[in-house]
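The values are calculated or read from the model by the stated rules, or taken from the named source; none is laboratory data. If you're wondering where the values come from, they're calculated on a predicted model, not measured in any experiment. Cβ: placed from backbone, ideal geometry, glycine included. Neighbour counts: every protein chain shown. Keep in mind that these areas ignore ligands, DNA and RNA; they rest on the heavy atoms of the full protein, side chains included. Shrake-Rupley method; radii C 1.70, N 1.55, O 1.52, S 1.80 Å.
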Amino acid sequence: MADFYTDTVLEHFRNPRNAGEIEDADCVGDVGNPVCGDLMRISMTINDETEVIEDIKFKTFGCGAAIATSSIITEMVKGLTIPEALKISNKDVIAKLGGLPAVKIHCSVLAEEGIVKALKDYFDKHPEKTAPPEQEEKAKLLAAVEVHEH
(Lines give C-alpha, C1' and ligand atoms only; values in the text may rest on other atoms or scores of the structure.)
Protein backbone atom coordinates (compact mmCIF):
# COMPACT_ATOMS: atom_id res chain seq x y z
CA MET A 1 0.00 0.00 0.00
CA ALA A 2 2.87 2.40 0.75
CA ASP A 3 4.03 2.15 -2.88
CA PHE A 4 0.52 2.82 -4.13
CA TYR A 5 -0.12 6.03 -2.14
CA THR A 6 2.06 9.02 -1.26
CA ASP A 7 3.06 9.64 2.34
CA THR A 8 0.65 12.59 2.42
CA VAL A 9 -2.27 10.42 1.31
CA LEU A 10 -1.40 7.83 3.96
CA GLU A 11 -1.07 10.53 6.64
CA HIS A 12 -4.53 11.95 5.84
CA PHE A 13 -6.01 8.46 5.73
CA ARG A 14 -4.49 7.45 9.08
CA ASN A 15 -5.06 10.82 10.79
CA PRO A 16 -7.93 12.53 9.00
CA ARG A 17 -8.50 16.20 9.72
CA ASN A 18 -11.94 17.70 10.29
CA ALA A 19 -13.67 14.32 10.47
CA GLY A 20 -17.20 14.36 11.84
CA GLU A 21 -20.32 16.37 11.22
CA ILE A 22 -21.41 19.87 12.21
CA GLU A 23 -24.74 19.50 14.01
CA ASP A 24 -26.21 22.90 13.13
CA ALA A 25 -24.46 23.26 9.79
CA ASP A 26 -25.38 26.09 7.48
CA CYS A 27 -25.10 23.71 4.56
CA VAL A 28 -24.50 20.07 3.74
CA GLY A 29 -23.34 18.35 0.56
CA ASP A 30 -23.95 14.64 0.07
CA VAL A 31 -22.19 12.97 -2.84
CA GLY A 32 -21.45 9.43 -3.86
CA ASN A 33 -19.98 7.33 -6.61
CA PRO A 34 -22.08 4.21 -7.24
CA VAL A 35 -19.28 2.62 -9.29
CA CYS A 36 -16.82 2.42 -6.39
CA GLY A 37 -19.24 2.78 -3.46
CA ASP A 38 -17.65 5.90 -1.93
CA LEU A 39 -20.05 8.17 -0.02
CA MET A 40 -19.14 11.60 1.32
CA ARG A 41 -20.93 14.23 3.39
CA ILE A 42 -19.48 17.72 3.76
CA SER A 43 -21.00 20.06 6.36
CA MET A 44 -20.05 23.71 6.80
CA THR A 45 -20.70 26.81 8.84
CA ILE A 46 -20.38 30.00 6.84
CA ASN A 47 -20.27 33.58 8.11
CA ASP A 48 -23.32 35.21 6.49
CA GLU A 49 -21.68 38.64 6.32
CA THR A 50 -18.20 37.74 5.03
CA GLU A 51 -19.11 34.42 3.35
CA VAL A 52 -16.01 32.88 4.95
CA ILE A 53 -16.15 29.13 5.59
CA GLU A 54 -15.58 29.16 9.34
CA ASP A 55 -15.86 25.43 9.97
CA ILE A 56 -16.05 22.35 7.79
CA LYS A 57 -16.26 18.65 8.57
CA PHE A 58 -16.62 15.46 6.57
CA LYS A 59 -17.98 11.97 6.96
CA THR A 60 -16.76 9.54 4.33
CA PHE A 61 -17.48 5.89 3.75
CA GLY A 62 -14.96 4.59 1.28
CA CYS A 63 -11.40 3.74 0.48
CA GLY A 64 -8.26 5.36 1.84
CA ALA A 65 -8.08 7.80 -1.08
CA ALA A 66 -11.68 8.93 -0.47
CA ILE A 67 -10.90 9.62 3.18
CA ALA A 68 -7.63 11.39 2.34
CA THR A 69 -9.21 13.62 -0.32
CA SER A 70 -12.06 14.51 2.07
CA SER A 71 -9.57 15.37 4.80
CA ILE A 72 -7.29 17.51 2.68
CA ILE A 73 -10.04 19.45 0.91
CA THR A 74 -11.52 20.47 4.26
CA GLU A 75 -8.11 21.84 5.24
CA MET A 76 -7.82 23.63 1.93
CA VAL A 77 -11.18 25.45 2.07
CA LYS A 78 -11.47 26.21 5.78
CA GLY A 79 -11.04 29.97 6.25
CA LEU A 80 -11.63 30.79 2.57
CA THR A 81 -14.47 32.83 1.12
CA ILE A 82 -17.02 31.00 -1.01
CA PRO A 83 -15.54 32.28 -4.32
CA GLU A 84 -12.04 31.27 -3.17
CA ALA A 85 -13.26 27.79 -2.18
CA LEU A 86 -14.91 27.34 -5.58
CA LYS A 87 -11.55 27.91 -7.29
CA ILE A 88 -10.16 24.72 -5.75
CA SER A 89 -10.31 21.87 -8.24
CA ASN A 90 -9.75 18.16 -7.96
CA LYS A 91 -6.35 18.77 -9.61
CA ASP A 92 -5.45 21.05 -6.68
CA VAL A 93 -6.47 18.28 -4.26
CA ILE A 94 -4.31 15.76 -6.14
CA ALA A 95 -1.35 18.15 -6.14
CA LYS A 96 -1.70 18.85 -2.41
CA LEU A 97 -1.70 15.10 -1.74
CA GLY A 98 1.41 14.64 -3.88
CA GLY A 99 -0.51 12.59 -6.42
CA LEU A 100 -3.10 9.83 -6.59
CA PRO A 101 -3.11 6.62 -8.59
CA ALA A 102 -5.14 6.98 -11.81
CA VAL A 103 -7.79 4.57 -10.52
CA LYS A 104 -8.35 6.86 -7.50
CA ILE A 105 -8.69 10.20 -9.32
CA HIS A 106 -12.49 9.91 -8.98
CA CYS A 107 -12.05 10.38 -5.20
CA SER A 108 -10.65 13.87 -5.77
CA VAL A 109 -13.59 14.68 -8.07
CA LEU A 110 -15.96 13.48 -5.35
CA ALA A 111 -14.29 15.76 -2.78
CA GLU A 112 -14.60 18.75 -5.12
CA GLU A 113 -18.22 17.85 -5.85
CA GLY A 114 -18.95 17.66 -2.10
CA ILE A 115 -17.80 21.26 -1.67
CA VAL A 116 -19.87 22.41 -4.66
CA LYS A 117 -22.99 20.58 -3.43
CA ALA A 118 -22.63 21.97 0.10
CA LEU A 119 -22.31 25.50 -1.29
CA LYS A 120 -25.33 24.92 -3.55
CA ASP A 121 -27.24 23.93 -0.41
CA TYR A 122 -26.09 27.18 1.23
CA PHE A 123 -27.42 29.31 -1.62
CA ASP A 124 -30.64 27.26 -1.80
CA LYS A 125 -31.20 28.08 1.90
CA HIS A 126 -30.31 31.76 1.34
CA PRO A 127 -32.27 32.85 -1.74
CA GLU A 128 -31.54 36.47 -0.84
CA LYS A 129 -27.88 35.83 -1.69
CA THR A 130 -26.49 35.55 -5.19
CA ALA A 131 -24.24 32.60 -5.90
CA PRO A 132 -21.02 33.54 -7.67
CA PRO A 133 -20.86 32.57 -11.37
CA GLU A 134 -18.23 29.95 -10.49
CA GLN A 135 -20.88 28.03 -8.53
CA GLU A 136 -23.10 27.45 -11.56
CA GLU A 137 -20.16 26.76 -13.90
CA LYS A 138 -18.65 24.24 -11.52
CA ALA A 139 -21.97 22.48 -10.92
CA LYS A 140 -22.44 22.04 -14.69
CA LEU A 141 -18.87 20.83 -15.19
CA LEU A 142 -19.07 18.28 -12.38
CA ALA A 143 -22.45 17.03 -13.61
CA ALA A 144 -20.89 16.42 -17.04
CA VAL A 145 -17.93 14.57 -15.49
CA GLU A 146 -20.26 12.47 -13.34
CA VAL A 147 -22.32 11.41 -16.36
CA HIS A 148 -19.22 10.29 -18.25
CA GLU A 149 -17.82 8.31 -15.30
CA HIS A 150 -20.84 6.10 -14.82
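For this structure, a couple of remarks:
- Surface exposure of the chain, expressed per residue as accessible area with a 1.4 Å probe, stands at 50 Å².
- Dipole magnitude of the range 19-145, debye to nearest 20 (Cβ charges: Lys/Arg +1, Asp/Glu -1, about Cα centre): 660 debye
- Dipole axis of the chain (+1 Lys, Arg; -1 Asp, Glu on Cβ), positive-most option in Gly99, Phe123, Ser89: Gly99
- Neighbourhood charge, 10 Å Cβ-Cβ cut-off, centred on Arg17 and excluding it, Lys, Arg +1 and Asp, Glu -1: 0
- Antiparallel %, DSSP beta bridges [both residues in the range 1-113], to 5: 95 percent
- Computed from backbone phi, the HN-Hα couplings of the range 55-64 come to 8, 8, 9, 9, 10, 10, 10, x, 6, x Hz, rounded to whole numbers (Karplus: 6.51 cos²θ - 1.76 cosθ + 1.60, θ = phi - 60°; Gly and Pro given as x).
- Of the accessible area of the chain, computed with a 1.4 Å probe over protein heavy atoms only, carbon and sulfur atoms account for 53 percent.
- Given their separation in residues at 0.36 nm each and the Cα-Cα distance between them, Thr6 and Asp124 gain 38.7 nm when the chain is fully extended.
- Euclidean distance between Cα centres, the range 105-135 to the range 27-87, Å: 9 Å
- Cα gyration tensor category, rounded, prolate or oblate, for the range 55-105 with a/c compared to 1.5: oblate
- Candidate lysines - alpha carbon under 26 Å from Lys96, same-chain residues fewer than 8 apart omitted: Lys57, Lys59, Lys78, Lys87, Lys104, Lys117, Lys120, Lys138, Lys140
- Compared with the direct C-alpha span, the chain from Glu54 to Lys91 gains 11.0 nm at full extension, assuming 0.36 nm per residue.
- DSSP loop GluC sites (Glu not before Pro) with at most 13 other Cβ within 10 Å excluded, longest remaining stretch of the chain: 50-127
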